[in-house]
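What follows draws every value from the coordinates through simple rules; no lab data is involved. Please read all numbers here as calculations on a predicted model, not as lab measurements. All Cβ positions, even for glycine, are placed from backbone atoms using ideal geometry, and neighbour counts span all protein chains on display.
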Amino acid sequence: MTIARSWVVLAGVVVAMAAAMPRLPVMADVANGSTARGDTGSSSRESRRRALEALPLSRMPEPQRKAVEPCLRSATLYRRLPVETVACDGELLDFALAKPEAIVDIWRVLGISRLTLDPVGPRQWKLSDGYGTTGVLRLVHQERQGRGGLLVFHGRGVYTGPLSPKNLTGSCVMLVRHGPAMPGADGRERQMIQIDTFLDMDGIGLEIVTRTLQPIIVRSAAANLHEICLFMTTLSDSARTNPEGVAQLAGRLQQTDAADRQTLATIARRAAQPAANAMLQGARREAADVAAADRLQTELAARWLSADELDRMQRQ
């Protein structure tokens, strides 16, 4: 199954989550009321209060602050997603959060998502999930906090599809906090990710979300976050063991700026185990790069593609 097989998509949710999350194969289970994870997060007043306190509104420029405040005041749905701990190189995670179009471009190359995320200005993207949702996403604030960081996204989108008799429109605010966690038993670097989302639906969307779709939305959001963390773990592991494969894959990203492709390749090489770099020295390196990239594409896509789809990828 590809990463984009869910019809459980609403304008605000997709705009909020698309910065870091594809549509996932677990969505069929989510729609049926079951997921592999018991923790789907919280919508409690206390969680919401803490999220509002954590938002750096006083440090945001006035235009950006005024853009997010209406959504915060009248949010149809608030959700704090479960804290995720991901085995991932910190520099790679920073890159993925600041340059989400590059990660979406990797999914495109792998054939595991219909999602598109195209830059339309500094820190601003136009998105489409391929299933009826389109919108614009903006990174309105970013700051470092020790070895971690904080990002605030604001988006507006529209959904047209079988879930609603009329178009659903809405806006959202997403607060993303991340930082280092205790290393794993194997010594791998690990990162903590905490996401709070505020969704404000317009008109008929408010009633549809509150009466019908809220349980599906909260479960699917938690599942999406978990799956993208698994993807980032796989990508980070590949950078450690197959840096030239990641570098070659970066070169295949047609929708990513050349400077960002080079940055991704550099991050992979810095994260690499010494043995991985030593294997690729000398005259064999260029040929090894291509083979490593082909092997890497199969490894990265394996969780999200069927056996037939993987076979077609390998024969291309």
Taking the beta-carbon count within 10 Å as an exposure proxy, list SER44, SER236 from fewest neighbours to most. SER44, SER236
If r is the Cβ-Cβ distance from GLU46 to ALA185 and R0 is 30 Å, what FRET efficiency results, to the nearest 0.05? 0.35
Once you place label points 7 Å from the Cα toward the Cβ at GLN145 and GLU69, how far apart are they in nm? 2.2
Stretched fully, the stretch from GLU62 through ASP308 gains (0.36 nm per residue minus C-alpha distance, one decimal, in nm) 83.4 nm
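For PHE231, PHE153, which order do you get if you count the other beta carbons within 10 Å of each Cβ and list the fewest first? Before the final figure, lay out each step's value.
Numbers: PHE231 25, PHE153 28.
Ranked by crowding around the Cβ, least crowded first: PHE231, PHE153.
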